[in-house]
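Structure first, then comments.
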Amino acid sequence: MRIGIVGTNFVCDMFMEGVSYVRQIEITAVCSGQYGNAVKFAEKYGIENIFKDYIEMMESGTVDAIYLATPNSKHHEMTLECLKRKFPVFCEKPLACNYRQVREMIETAKEHDVHLHDGTVPLYSPNLRILKEYLPKIGQIRKAVFIFSKYSSRYDAYLRKENPTTFRKELCNGSIMDLGIYAIADAVALFGKPDRIYASAQFLDNGVDCGGTAVFHYGDFEVVILHSKVTDTQIISEIQGEKGNLYLPRVSRLDKIYYQSREENRNMLYNENNGMISIGKDYDHQFANQLRDFLYCYKNGLVESEVNPFSQILDIHEVLTQCRLQSEVIFDCDERVKYEK
C-alpha cells in the first residue's frame, strides 16, 4: 500500500515511525503548502516523490491512499476531494470541525465506496477493549474523570505575539479540538452518548479556547472531562466504581491501564503482569495499530473500520460539537451553516 503524506508537522514524524512497524505500507510521496518543508521531509525519510499540492499528488500515479495532517479547517474540504477521487483517507484527529462536516464526509465515503479513517489514536488501541472488559470488575460506576492537560510548546510563542498555528481560531483549533477530543472520545467509546452535557471553556485574548471542562450525565454516574493547553497536571484519569477503580495515565493513547479493587492496598495493582494490563507485542507504537487497521480495510474493501465504526465516530463528533458550542467555542464553519443534529 503506497501512502502519500499531506503535511510535514511533528505528527508526521510520529506517523513515519509508526509506518516502520507495518511492512506492507510504503510512503511514496509527500506534499506541503510550503514546498521547502516537503523537500526537507522527503530528504529526512528518503521519500522519492515531492509535490506542491495534494491534487497533483493524487494525479501522479505514485500513491494508493492519502494521509492528511493538515490544519483542522482543511480536513473536510480535502477529505471530500480525496474520497471523490477514490483515494482512501487516513485523516488526523479531529476528523472535521463539526458534526455536520463529519456526517458529510461519511456519506461521501459510502457514496463512492472508499475507506475513511478517523485518526483518533486510543480508539484503535487493544487496551480499549480490555478496559471495557474490566468495567464490570469495579462494580457500579459512580464517577469518572478523564483529563488531558499539557502546556503547549507553542504557548510561549503565543505570549510573544508570534501567532503560532496552534492558537489560531481560523484554523479551527484550540484546547478542546486538540486535547479534549481524546477524553471525549474515550468517554463516548466506553459509555455511549451522555443523557445531558454541561460544558464551559476559558479563552485567550484572540478568542481561542485554552482549556475547558465538561460534565457528562449518564443517569446514575457522571464523567468529568478536563482539558488545557496552557497548564500541566499530575492527575491521573480514573473510573471510580463501588468495588474498585481503573486508572488511565494517558487518555490519548491508553497504552497502560491499572486496576485496583477496593479491598486491596492502594499500591496493589492487579493483573497477570504484576498489575499492568499490557497491550504487549500488538502495541508497538501509537500509530501502528491504526495503520494495521487502515491496511486491513484497504485490502478488504471496507468503507468503515470494524474497530472504530462510523456510528461511533458520529456519536463522538456529535458530543464534541455539542460541548464546543455550549462552551461558545464557535468557528466560521459553524456560523456559515446552521448546525443540525
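The values are calculated or read from the model by the stated rules, or taken from the named source; none is laboratory data. Quantities reported herein were computed from a predicted structural model and do not represent experimental measurements. No Cβ is skipped: glycine too gets one built from the backbone with ideal geometry, and neighbour counts run over all protein chains shown.
Working only within region 250-265, note down all residues that are over 17 Å from Gly139 (Cα atoms) and loosely packed, with under 14 Cβ neighbours inside 10 Å.
Passing the criteria: only Asn265.
Determine which member of the set Arg262, Arg266, Arg250 is closer than 16 Å to Pro126 by Cβ and at pLDDT below 95.
Arg250
On the basis of being within 19 Å of Leu325 (Cβ to Cβ), assigned by TED's automatic domain parsing to the domain that holds Leu131 and of a type in the set (D, E, K, R), does Lys193 make the cut?
yes
Looking at region 118-173 only, could you name the residues that are closer than 27 Å to Ala96 by Cα and of a type in the set (Gly, Ala, Ser)?
Hits for region 118-173 are Gly119, Ser125, Ala144, Ser149, Ser152, Ser153, Ala157.
Looking only at region 165-199, count how many residues are under 19 Å from Glu92 (Cα atoms) and part of a loop (DSSP other than H, G, I, E, B).
Total meeting the criteria: 4.
Name the pairs: first residue in region 110-121 and within 17 Å of His285 (Cα to Cα), second residue outside any strand (DSSP E or B) and of a type in the set (D, E, K, R), Cβ to Cβ under 6 Å, at least 6 apart or on different chains?
Listed by first residue and then by second, the contacts come to Gly119/Lys93; Thr120/Lys93; Val121/Arg253.
Would you mind finding the one in Tyr151, Tyr158 that is part of a loop (DSSP other than H, G, I, E, B) and either at pLDDT below 95 or surrounded by fewer than 23 Cβ atoms within 10 Å (Cβ to Cβ) (or both)?
On inspection, the qualifying residue turns out to be Tyr151.
Which residue pairs have Cβ atoms under 7 Å apart, sit 6 or more places apart or on different chains, and have a first residue in region 1-25 that is farther than 11 Å from Leu291 by Cα and a second that is in a strand (DSSP E or B) and among the small types (Gly, Ala, Ser)?
From region 1-25, the pairs are Gly4/Ala29.
Any residue that is more than 26 Å from Cys82 (Cβ to Cβ), surrounded by fewer than 21 Cβ atoms within 10 Å (Cβ to Cβ), touching a residue at least 24 places away in the same chain (Cβ under 8 Å) and in contact with a Phe, Trp or Tyr (Cβ under 8 Å, 6 or more places away or on another chain) - is there at least one of those in region 166-183?
Checked region 166-183: no residue is more than 26 Å from Cys82 (Cβ to Cβ), surrounded by fewer than 21 Cβ atoms within 10 Å (Cβ to Cβ), touching a residue at least 24 places away in the same chain (Cβ under 8 Å) and in contact with a Phe, Trp or Tyr (Cβ under 8 Å, 6 or more places away or on another chain).
State all residues of region 200-218 that are part of a strand (DSSP E or B) and more than 21 Å from the chain's Cα centre (by Cα); if no residue qualifies, say none.
Selection gives Gln202, Phe203, His217.
Among the numbered criteria (1) surrounded by 13 or more Cβ atoms within 10 Å (Cβ to Cβ); (2) part of a helix (DSSP H, G or I), which single criterion is violated by Val114?
(2)
Which of the residues belonging to region 207-233 are surrounded by fewer than 22 Cβ atoms within 10 Å (Cβ to Cβ) and either without any contact (Cβ under 8 Å) to a residue 40 or more places away in the chain or among the hydroxyl-bearing types (Ser, Thr, Tyr) (or both)?
Gly207, Thr213, Val215, His217, Tyr218, Gly219, Thr231, Thr233
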